[in-house]
Amino acid sequence: MAVAVGLLLLLLAVPAAYATNYKVGDTAGWDTNVDYTTWVSGKTFLVGDTLLFTYGSSHRVDVVNKAGYDGCSGSNALQTYSDGNTTIALSSTGSYYYLCPILNHCSQGMKLAVTVTAGNSSTPGGTPPTTGTPTTNTSSPSAPTPSRNGAMGRFCWMDALVVGACLMLVPLLGL
Ligand SMILES: [Cu+2]
């Protein structure tokens, strides 16, 4: 029974590693007078995630390098999009830069820089890849382990080698 519960919890935990689709600017979309530095802060972009730019016909999305981003110049754009509903896959690690090259929209805030990191647990910085996932399962049991309460629970948690013995002892002791 305990094994079955453990497997179930493992299955429930898997979706947390799925890709996230970020709508740039959230409800504001891709527009002037949105602070995309603030929008980026606190987000973790992982390989496999996507960016969705939604914008009107007066805007574009240029993919630029850092020099283009710093200088608000789309003249050396790597790619240009103008369809109004642009999904860009973040397919590898690194820094990526986007701006709107129309008029002076870039200097009015339409510039975005994201840093994409690998999607495994050894990500530098130690931030777990949980950003952007719904936190609806906070009331479920935290881990498929024996009771963490009491001396027996702590003993079991100390060493995986004794977990098997504890699993047999805990029901007998009624802990
Ligand atoms: Cu624009």
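The table below lists the values:
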read-out	value
Residues that are under 23 Å from the mean Cα position of the chain (by Cα), within 16 Å of the ligand (Cβ to nearest atom) and farther than 19 Å from L78 by Cβ, drawn from segment 32-65	V34, D35, W39, T54
Count of residues meeting criterion [surrounded by 12 or more Cβ atoms within 10 Å (Cβ to Cβ), charged (D, E, K, R) and more than 12 Å from L112 (Cβ to Cβ)] in segment 36-82	3
Boolean, T80 is within 16 Å of the ligand (Cβ to nearest atom) and of a type in the set (V, I, T)	yes
Filter result (within 16 Å of the ligand (Cβ to nearest atom) and either over 18 Å from N33 (Cα atoms) or part of a loop (DSSP other than H, G, I, E, B) (or both)) within segment 106-117	C106, S107, Q108, G109, M110
Verdict on Y96 being within 21 Å of D26 (Cα to Cα) and within 16 Å of the ligand (Cβ to nearest atom)	no
Residues that are of a type in the set (D, E) and out of contact with any Phe, Trp or Tyr (no Cβ under 7 Å at 6 or more places or on another chain), drawn from segment 30-61	D35
Of the criteria (1) under 23 Å from the mean Cα position of the chain (by Cα); (2) within 13 Å of the ligand (Cβ to nearest atom); (3) more than 29 Å from Y18 (Cβ to Cβ), which one L103 fails	(1)
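Here, each number is a calculation from the coordinates, and none is a lab measurement. Computed from a predicted model, the values in this text were never measured in an experiment. Here the Cβ is made from the backbone with ideal geometry for all residues, glycine too, and neighbour counts use every protein chain on show.
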